[in-house]
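First comes the structure, then the notes that go with it.
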Amino acid sequence: MSKEFNAKRRPRGAKPRGGGAPGKSSRSDPPKISSMNSVNTTKKTSMKSPNPNYRKPSSKNSSKNLRSANGSEGSGHSQTQDKSFQGRDQGQEVKVESKIYNLPLDRIEPHRHSGVFLSRNRFDAIQLLTRNTSSSSDDYGERRIFSDFRGKRSEFRAWSPFQSKLAAGIMGGACDLHLKSGSKVLYLGAGFGRSVSHISDIVGESGMVYAVEQGPWAGRQLTSLANSRSNIVPVIEDATMPYKYRLEVPACIEVIFSDLPQADQIRSLMLNARHFLVPGGHFVVYLQAASGNDGASNKEAFEVDKKLLREHQLEPIELVLLDPFKPGYALVVGVSTRKDVPF
């Protein structure tokens, strides 16, 4: 090549070699979004009003225009409609408040059994209650309810059928337990005195409950219970030997409750009935189905025990299964058929 040709030749731009960051080139590319920016700016400027004093009408003005367009009757109708909705909302609030705060949580109702009550709660199941006659604040940790009943402020004690066979019999539908105010009751196998304390509430101050229990561990509990209840007399003796406490229990008992081991149940009930039960008096005994029945809860499983009661002049009147509170147990209510005066 000649020197003239090399002088006229244009120099090439230096190309980046190895390691250069991508997108960073020495050449300046023309901007590609300039046309788009120009289009966007033209769109925005085209939406603006040429009149700088123009203002967007407010919602208040639009509502006024609508009211003026509809006339005076339309405006009056809307005002009355707003007032009606406002009054309706206010009435609903008052109703909800009275439902939650003014109504009592527990509604007390009398049960068909004398001295027993029912508590109906919106949050809990139906509970058995007895009106408290004790001076103690706590007998065995039961729940206590204060409520107005027949215009009088009263305290009631919850009676759980899972902790008391007698309460389970009431929940099971026993017709008559022959308990009333002023009754004289003998309870064989009183235990810690849970059922005894509720019977004490039922018979009241004019009645009397003689609680027989052999174990000294239960005797201490019965003694402390008798300190706060004047109508409970603890008898710490063996219920199978009624002659040992014949001087402590009078021979004018109207109802006998028997909750003893099954081996001594009917015999002990018969002996105590002959000593203390008045002619025509009633008894309540708790029977357990034989183990051969595999815990079957049917009335036929207790036919042998009922026959044995009849042989001892104790006529069964009613049998109530204690399921599901006490599976395998039954409550039997009966009457004594002895004609002579007990000795």
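The values are calculated or read from the model by the stated rules, or taken from the named source; none is laboratory data. Please read these numbers as outputs of a predicted model, since none were measured by experiment. A quick note on method: Cβ atoms are made from the backbone with ideal geometry, for glycine too, and the neighbour counts reach across all protein chains shown. These area figures cover heavy atoms from the full protein model, side chains too; ligands, DNA and RNA do not enter into them. Shrake-Rupley method; radii C 1.70, N 1.55, O 1.52, S 1.80 Å.
Among the residues of the range 182-193, those identified as surrounded by fewer than 22 Cβ atoms within 10 Å (Cβ to Cβ) and within 32 Å of the chain's Cα centre (by Cα) are 189, 191, 192. Here is a check on your reading of the model: is residue 338 at pLDDT below 90, of a type in the set (D, E, K, R) and not in a strand (DSSP E or B)? Taking the combined requirement at face value, the residue satisfies it.
Scanning the range 191-211 for residues that are in contact with a Pro (Cβ under 9 Å, 6 or more places away or on another chain) and touching a residue at least 40 places away in the same chain (Cβ under 8 Å) yields 193, 210. Residue pairs whose Cβ atoms lie under 7 Å apart, sitting 6 or more positions apart in sequence or on different chains, and linking a residue in the range 256-267 that is under 23 Å from residue 183 (Cβ atoms) to a partner that is at pLDDT 95 or above and of a type in the set (Val, Ile, Thr), are 257/185; 257/284; 258/285; 265/285.
Taking the conditions exactly as written (open to solvent by 70 Å² or more (accessible area, probe 1.4 Å), part of a loop (DSSP other than H, G, I, E, B) and either at pLDDT below 90 or within 22 Å of residue 171 (Cβ to Cβ) (or both)), does residue 296 satisfy them or not? For residue 296, the condition - open to solvent by 70 Å² or more (accessible area, probe 1.4 Å), part of a loop (DSSP other than H, G, I, E, B) and either at pLDDT below 90 or within 22 Å of residue 171 (Cβ to Cβ) (or both) - is not met. In the range 121-139, the residues that are within 19 Å of residue 192 (Cβ to Cβ) form Cβ pairs under 9 Å with partners that are among the aliphatic types (A, V, I, L, M) and open to solvent by 30 Å² or more (accessible area, probe 1.4 Å), at six or more places apart or across chains, as follows: 128/171. The single condition among (1) buried (at least 21 other Cβ atoms within 10 Å of the Cβ); (2) without any contact (Cβ under 8 Å) to a residue 60 or more places away in the chain; (3) in contact with an Asp or Glu (Cβ under 9 Å, 6 or more places away or on another chain); (4) part of a helix (DSSP H, G or I) that residue 244 does not satisfy is (1).
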